[in-house]
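Working notes for the structure below.
The values are calculated or read from the model by the stated rules, or taken from the named source; none is laboratory data. From a predicted model like this one, the values you see are computed outputs, not experimental measurements. For neighbour counting, all protein chains shown are included, and Cβ atoms are generated from backbone atoms with ideal geometry for every residue, glycine included. Note: accessible area is taken over every heavy atom of the protein model, side chains too, but ligands, DNA and RNA are not part of it. Shrake-Rupley method; radii C 1.70, N 1.55, O 1.52, S 1.80 Å.
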Amino acid sequence: MDLTPYVDNLRQELAVAAEAGGDDARALAERLTAPLESAARLTLLNALSAAMGEVTRELAPGSVDVRLRGLDPEFVVTAPPAPEPFREAREPVDLPATPVPPPPPADADDGAMARINFRLPAHLKARAEAAAAAEGLSVNAWLVRAVSVALDGGGRTSPPGRGKESSGRGFTGWVR
């Protein structure tokens, strides 16, 4: 992105403002334009960097980075990874057994709860609601369990006998 037109526009605006002040103000504005050019570029870069930080927060896990190429910024967009398409297994597949830790009992809760505002793209919200409904859970309970499983490194997110595993095409459980 070429910042020169924006810096030139600022220089012209300063000249127009100096015209109202007479010859002394015009001469001062001409002396200040050269040193102000680097300050104006730095300020524009800071504004662009802050804006791309906000865009990155909205795109997470994707991102937009601002990099300098010479005197001008360049934007590097990293798209979020595409989700792997769901494939039904045509033949039995041996998967490693990864037991999912049971959710803590309601009476084991120490009562300490934290409230957060969680902004989610609409398409993911709809999928989370559908997954929670399929398992007979509230969206909040489903999200708490999903976060817990993700942090504990569990592989499966639904308890035995519920969700996609109960479609009649497979078995869930322990074997000796």
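Points to keep in mind about this one:
- Contacts under 9 angstrom Cβ, first residue in the range 116-130 being among the small types (Gly, Ala, Ser), partner surrounded by 10 or more Cβ atoms within 10 Å (Cβ to Cβ), 6 or more apart: 128/120; 128/139; 128/142; 128/143; 128/146
- Odd one out for residue 129 among (1) modelled with pLDDT under 85; (2) surrounded by 10 or more Cβ atoms within 10 Å (Cβ to Cβ): (1)
- Candidate set from the range 56-80 (those that are outside any strand (DSSP E or B) and in contact (Cβ under 8 Å) with a residue 12 or more places away in the chain); member that is surrounded by the most Cβ atoms within 10 Å (Cβ to Cβ): 59
- The range 7-55, residues that are under 16 Å from residue 71 (Cβ atoms), open to solvent by 70 Å² or more (accessible area, probe 1.4 Å) and touching a helix residue (DSSP H, G or I) at 6+ places or on another chain (Cβ under 6 Å): 10, 11
- Among the candidates 59, 44, 71, the residue that is at pLDDT below 85 and closer than 30 Å to residue 14 by Cβ is uniquely 71.
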